[in-house]
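*Asks:* The structure is given below, and queries will be raised subsequently.
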Amino acid sequence: MHVLENVKTMLETTPQEIDSCSVRQVDVEKVAIGRALLLGEPVYVATAAIFRALGDPSRAKIVYSLLQQELCVCDLAAVCDLSESATSQHLRILRGLRVVKLRRDGRMSYYSIEDDHVRALLQVCLNHLNDRDPFEGLRS
């Protein structure tokens, strides 16, 4: 089933029907192993910040546009149908999370994707949404 169809199904189903065990029985050994495998809290805070930033449709559109080409704020605002002010604010957040980087050329400021991690992250997400192989478009 397509991911977007799953969202509709989830919204129509009560949480108790899909998110709960019918029998409550905690496996102490599995819980201990699971807790031992957790990373430090700062890792989850940083990860959530990146997903929160990419969770905004305007920022996702900005990042996708920058995956295609380097753009100045004016051009990026026009591509994404945003004001230059809003685009600058989104870019400030993305730059702070090292998702995008800035290159100055005289009086012009150009933005591009920081590195291939961001490219991979967005490509895996798009592949998930389109029910494609997770690594399609990422292999060399």
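*Asks:* Expressed as an acute angle from 0 to 90° and rounded to the nearest 10, what is the orientation of the C-alpha long axis of helix 41-54 relative to the principal long axis of the chain?
*Replies:* Approximately 60 degrees, to the nearest ten.
*Asks:* Starting from the Cα gyration tensor of the stretch 24-140, take the square roots of the eigenvalues, sort them a ≥ b ≥ c, and report rounded, prolate or oblate (rounded when a/c is under 1.5, otherwise prolate if a/b is larger than b/c, else oblate).
*Replies:* Verdict is prolate for the stretch 24-140.
*Asks:* Local charge sum around Lys101 (other residues, Cβ-Cβ under 12 Å, Lys/Arg +1, Asp/Glu -1)? Mind showing how you got there, number by number?
*Replies:* Details: positive: Arg95, Arg98, Arg103, Arg104; negative: Glu70, Glu114, Asp115.
Taking every Cβ under 12 Å from that of Lys101, the sum is +1.
*Asks:* Among Leu126, Leu82, which comes first, then next, by fewest other beta-carbon atoms within 10 Å? All intermediate terms of the calculation are to be shown ahead of the outcome.
*Replies:* On the way: Leu126 15, Leu82 18.
Least crowded to most crowded, the residues run Leu126, Leu82.
*Asks:* Next up: Where in the chain lies the longest segment free of trypsin sites (Lys or Arg not before Pro) that are both loop residues by DSSP (not H, G, I, E, B) and have at most 10 other Cβ atoms within 10 Å?
*Replies:* Counting only loop sites that pass the neighbour cut-off, the longest clear stretch is 25-106.
*Asks:* For Arg104 paired with Val31, estimate the spin-label separation in nm (one decimal), with each label point 7 Å from Cα along the Cα-to-Cβ line.
*Replies:* 5.5
*Asks:* Return the calculated 222 nm mean residue ellipticity for the chain, to the nearest 500 deg cm²/dmol, obtained by summing -39500 (n - 2.57) across DSSP H runs with n ≥ 4 and dividing by the residue count.
*Replies:* -18500 deg cm²/dmol
*Asks:* Over what distance in Å are the Cα centres of the stretch 13-88 and the stretch 121-140 separated?
*Replies:* 16
*Asks:* Using the count of nearby Cβ atoms within 10 Å as a rough guide to exposure, how do Thr87, Thr47 rank from fewest to most?
*Replies:* Thr47, Thr87
*Asks:* While we're here: Cα axis of helix 28-37 to longest principal axis of the chain: angle in degrees, 0 to 90, nearest 10?
*Replies:* Helix 28-37 and the main axis of the chain meet at about 20 degrees.
*Asks:* Shifting gears a bit: Round to the nearest 0.05 the FRET efficiency obtained for Val43 and Ala86 when R0 = 41 Å and r is the Cβ-Cβ distance.
*Replies:* 0.85
Bear in mind that the values in this text are calculations on the coordinates, not laboratory data. What you are looking at is a predicted structure, and each value in this text was computed from that prediction instead of being measured. Glycine also receives a Cβ, built like all others from the backbone with ideal geometry; neighbour counts cover every protein chain displayed.
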